Structures are given as structure tokens and as C-alpha cells.
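The values are calculated or read from the model by the stated rules, or taken from the named source; none is laboratory data. Small disclaimer: the values here were computed from a predicted structure and weren't measured. Cβ: placed from backbone, ideal geometry, glycine included. Neighbour counts: every protein chain shown. All accessible areas refer to the heavy atoms of the entire protein, side chains included, with ligands and DNA or RNA removed. Shrake-Rupley method; radii C 1.70, N 1.55, O 1.52, S 1.80 Å.
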Amino acid sequence: FMGQVADNVNTHYFGPALFLRSISKNRKVLANCDFSLGYNIYNNKNTLTNSFFNNEFKYNMIGGNFGFSTTVGVDFMMGQNVALGLNLGITAASIKEVKVNGQKVTFDKDNIETLSRVNFGVSLRLYK
């Protein structure tokens, strides 16, 4: 194969979350945690361009499955209403089958597509 491969991958997670927050005695540190069970959607629009034969092949992979998401974080109060936050999150799910241009494709157990990711965030929060 001589040419280019282009992927346009989108993943979306939808689900309700349980959010917990704990405040330190001196009210300078706030710990927070959330947990969610939901649904992950996977969409991959691929384009294969063969420069030798001067042709292009496009296909769309769509799939989804249930998964979970959780985040833990700490907010450090920098003033009465402003906090600097650090957060670590994980979203996990896997896909055993997808539709490729409308046709169902089932992966074997060694080739399951994972939608898992780890997020790290820094935030500036305003409190009332």
C-alpha cells in the first residue's frame, strides 16, 4: 500500500454522575469525587488514499457500549471565593462489535477496541 491513511475519531460519553465533596476543617482544601455509569459512543471516519492507483476508499466505523467514569480532585482555596484545582479522571469502556459502512463486524477477544482514557486537569474555580 502506497498512500495516506486519515482517521477522524470521535468518542462521547453520556451518563448521570454522583458527586461528593468534603471540606477541610480550616476550609482551605476541598476534596471532590464523582462516579458515573453511562454509555460510550465511538465514531471513526477513515479515508485511505492510494497514490499508486489514484483512488480513495472511505469508510465509517460506529459502535458503542456501557462503561464508567470517575474523577477525583482537590481544590486549594487561594482567597475567599477562588480555588486552584487538580483533577485526575478515568473513563473506561470497550467495544466488541462495530458497524462498518452499515455492516456488523465483531472483534475477537484479542482485538477488542478500547475507549478508555485518563484525564488530568488543572482548574480555576469560583465559589460563592
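When you filter the chymotrypsin sites (Phe, Trp or Tyr not before Pro) in region 5-102 for DSSP loop state and at most 13 other Cβ atoms inside 10 Å of their Cβ, you are left with 52, 53.
Got a sec? Charge dipole of the chain, +1 on Cβ for Lys and Arg, -1 for Asp and Glu; which of 15, 107, 77 is way out at the positive end? Highest projection toward the positive end goes to 77.
The ellipsoid equivalent to the alpha-carbon distribution of region 34-98 has semi-axes of 41, 19, 8 angstrom, derived from the gyration tensor eigenvalues as √(5λ) and listed largest first.
Once backbone amide H atoms are built at 1.01 Å from N, residue 107 has 97, 98 as its partners under 5 Å, excluding neighbours fewer than 5 places away on the same chain. Ligands, DNA and RNA left out, the accessible area of the chain computed with a 1.4 Å probe is 58% carbon and sulfur. Straight-line cross-link partners of residue 99 among the lysines, defined as a Cα under 25 Å from its Cα and at least 8 positions apart when in the same chain: 45, 58, 109. Residues 11, 47, sorted by accessible area with the largest first, give 11, 47 [1.4 Å probe; ligands and nucleic acids excluded]. In percent, rounded to a whole number, the relative contact order of the chain is 22, using alpha-carbon pairs under 8 Å and six or more apart. Summing Lys and Arg as +1 and Asp and Glu as -1 over all other residues whose Cβ lies under 12 Å from the Cβ of residue 69 gives a net charge of 0. Given +1 at the Cβ of Lys and Arg, -1 at the Cβ of Asp and Glu and no other charges, the dipole of the chain around its Cα centre is 660 debye to the nearest 20.
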